[in-house]
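Taking it in order: structure first as structure tokens, then the write-up.
The values are calculated or read from the model by the stated rules, or taken from the named source; none is laboratory data. Worth saying up front: this structure is predicted, and the values here are computed from it rather than measured. Positions of Cβ are backbone-derived with ideal geometry, glycine not excepted, and every protein chain shown enters the neighbour counts.
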């Protein structure tokens, strides 16, 4: 798939509004010039691949705008969505650190802007910025915690609880307040949501309708609106 390079205004990392909680938040100002000299900005349209599962890692990626999904190939060749990333998220660095191939495919869901940092930049920052190295370790630890929580949820929680947890995640990341409640601007299809909670599309659909019957959400073909946020959060821990 095609992509445009160096498109749009190149905002310095020091002035980027995504830096506060981003990958470079702990990098000393004096080292940012080194990043600027090597950084390339790519714009991706919907369903364009950032990198493919099974290919060698060449860079680390910082998502400045848009959304990207990470998925792996299932036994029958189907896409199994693992995570949905939003502005400020970084990805692609784990294979660089352990010298493995990419274990996932990263694909844009919507128009997205990605800052690409060559692998040598990551190596230089790890060597020259102790605060960056510590922060990166913390990020990896949080990702491990996220994976452990997902595994525990699959073994200990019901489909209803897991579905409610997924809706809470989208509520926090892409909820839009309306007169009728909080509309979830979910950037993936419902069959992909079903994959994320480890169930079939049919069971996922029945679970959504159960939440709708309880008055927790309002469901239509294209939208999910949360009517009772407190009840939804309680359902996560039923």
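Here are a few things to note about the model shown:
- The single condition from (1) within 16 Å of the chain's Cα centre (by Cα); (2) assigned by TED's automatic domain parsing to the domain that holds residue 32 that residue 172 fails is (2).
- Inspection of the range 102-110 finds no residue satisfying the criterion of being part of a helix (DSSP H, G or I), over 20 Å from residue 33 (Cα atoms) and in contact (Cβ under 8 Å) with a residue 60 or more places away in the chain.
- When residues in the range 226-238 are screened for being touching a strand residue (DSSP E or B) at 6+ places or on another chain (Cβ under 6 Å) and either without any contact (Cβ under 8 Å) to a residue 24 or more places away in the chain or assigned by TED's automatic domain parsing to the domain that holds residue 67 (or both), 0 of them pass.
- Search result, residues across the range 204-225 that are out of contact with any helix residue (DSSP H, G or I) (no Cβ under 6 Å at 6 or more places or on another chain) and in contact (Cβ under 8 Å) with a residue 12 or more places away in the chain: 205, 208, 210, 211, 214, 215, 218, 223, 224, 225
- Any chance residue 135 is in a helix (DSSP H, G or I), in the same structural domain as residue 25 (by TED's automatic domain parsing) and under 30 Å from residue 31 (Cβ atoms): yes
Residue by residue, here is whether (1) farther than 19 Å from residue 81 by Cα; (2) in contact with a strand residue (DSSP E or B) (Cβ under 7 Å, 6 or more places away or on another chain); (3) assigned to a loop (DSSP other than H, G, I, E, B); (4) not assigned by TED's automatic domain parsing to the domain that holds residue 78 holds:
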position	(1), (2), (3), (4)
195	no, yes, no, yes
209	yes, yes, no, yes
212	yes, yes, no, yes
222	yes, no, yes, yes
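- Annotation: of all residues in the range 98-127 being over 16 Å from residue 22 (Cα atoms) and in contact with a helix residue (DSSP H, G or I) (Cβ under 6 Å, 6 or more places away or on another chain), the one that is surrounded by the most Cβ atoms within 10 Å (Cβ to Cβ) is 102.
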